[in-house]
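I have placed the structure first, in the form of structure tokens, so that the comments after it can refer back to it.
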Amino acid sequence: MRAEKKFISAEYAQRLAASPFFIVVDYRGLSVVQFTELRKRLQKTGAEAHVVKNTLFRIAAKESGIADLSGALAGQLAVVTGNKDIAAAAKVVKTFQSEFEKPRLQFGFLGNQRLSADEIRVIADLPPLAELQGKILGLLQAPAQKLVALINTPGSQLARVIKAKSEQTAEPAA
């Protein structure tokens, strides 16, 4: 392999190593203006899209230990990677696809788990990661709050009974 190709393959491998996910899309038919717009939208979510040379990307994926993508890469492909939330990036691609009918989702990977185009669409419909984390935290805190209330209830009831008794004893003396 020529030095330029080794450099490009290493760059792809570095992007894959830095990203917990990647989404492969067929960008055929997108104009430069549209592709630039897609990149701008992805950038807002902490993701980026890069046009890849299929053979070099296949080598980079294999060297990164992600998967053997033989036969999976065909056509004019771009790879979306990011360092944050796959749901946000998938949502951008899905929304963009609904507006322009392009790019077409091919497949993706989350960690070492391969995702089909349909699974990526399902992920795109999920709420943002921060919202999911908030919901989970709320679910975890609810039992603790109920437990604290349950533990405090007998003590507060006892305090009210003692106060009522002391007020009853104080009334006849007055």
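Coordinate-derived values only; no laboratory data. Please read these numbers as outputs of a predicted model, since none were measured by experiment. Backbone-built Cβ (ideal geometry, glycine too); neighbour counts: all protein chains shown.
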Inset, instruction - Using the structure shown, select from 6/53; 6/94; 91/135; 62/94; 44/102; 84/135 the pairs with a Cα to Cα distance greater than 23 angstrom. - result: 6/94; 62/94
Inset, instruction - Translational diffusion coefficient, Stokes-Einstein: compute it for the chain using the Kirkwood radius over C-alpha pairs as Rh, at 37 °C and 0.692 mPa s, and state it as an integer in µm² s⁻¹. - result: 168
Legend entry - Within the chain, helix-based [θ] at 222 nm, where runs of 4 or more DSSP H residues each add -39,500 (n - 2.57), nearest 500: -20500 deg cm²/dmol
Inset, instruction - Kindly state, to the nearest 0.05, the FRET efficiency for residue 122 paired with residue 146, given R0 = 41 Å and r defined as their beta-carbon distance. - result: 0.80
Inset, instruction - Take the alpha carbon atoms of segment 24-55, find their center, do the same for segment 107-141, and report the distance between the two centers in whole angstrom. - result: 21
Inset, instruction - Net charge near residue 138: determine it from the other residues with C-beta under 15 Å of the C-beta of residue 138, scoring Lys and Arg +1 and Asp and Glu -1. - result: +1
Inset, instruction - Let me know the charge dipole size of the chain about its Cα centre in debye, to the nearest 20, where only the beta-carbon of Lys, Arg (+1) and Asp, Glu (-1) is charged. - result: 300
